[in-house]
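Comments concern the structure below.
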Amino acid sequence: MNVFRLAERYGPLLGRILLALLFVISGLHKITTLEGTAQYMAAKDLPLVPLLLVLSILIESGGGLLIVLGWHARWAALAIFLFVIPVTMIFHPFWSVENQLWAFWKNVAIMGGMLYIMAYGPGPFSLTKDRG
């Protein structure tokens, strides 16, 4: 079996895991640092911080787990894709804050990965073949 056949067979699973772990870990971190995270969000003048914090945790940890499992991965990828847009604009505005350029582009790359899952589904080794 050549490297491309292996990538075709196992790449979608490994790719889902690598992409989603960022969100699962971030969501769990928010749970363990609720007060500090809420203060950070409030410092950005966000309204309804407690609600936004809970939604962030649900989208990150829940969406990430759904992507890892490959269960409704397209919908989870859509939720994370839409979530990353305002997060990037609010927390990584490289045009007005120094040292945010690479965080901004990292988020753009993550959005690309989410688009890929939305377009092609979770691939093999998923709980569902998730065609819609």
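For this structure, a couple of remarks:
- Spin-label model distance (nm) - L46 vs I31, 7 Å beyond Cα toward Cβ: 1.8 nm
- From the C-alpha gyration tensor of segment 12-87, square roots of 5λ in Å: 24, 12, 9
- Taking trypsin sites (Lys or Arg not before Pro) across segment 1-43, none is in a DSSP loop with at most 11 further Cβ atoms lying within 10 angstrom of its Cβ.
- Label of the coordinate-derived value, Cα Rg over 2.2 N^0.38 Å, listed as (i) 1.02; (ii) 1.14; (iii) 1.31: (ii)
- Here the peptides 89-100, 105-116 are ranked by packing, the mean other Cβ count within 10 Å, and the order with the highest first is 105-116, 89-100.
- Dividing the mean sequence gap of close Cα pairs (under 8 Å, 6+ apart) by how many residues segment 16-132 holds gives a relative contact order of 30 percent.
- In Hz, Karplus ³J(HN,Hα) per residue of segment 32-40 (6.51, -1.76, 1.60; θ = phi - 60°; x = Gly, Pro): 7, 10, 3, 5, x, 5, 4, 5, 4
Values in this text are rule-based calculations from the coordinates and carry no lab data. Not measured: the values here are computed from a predicted model. Heads up, the Cβs are rebuilt from the backbone with ideal geometry, glycines too, and the neighbour counts pull from every protein chain shown.
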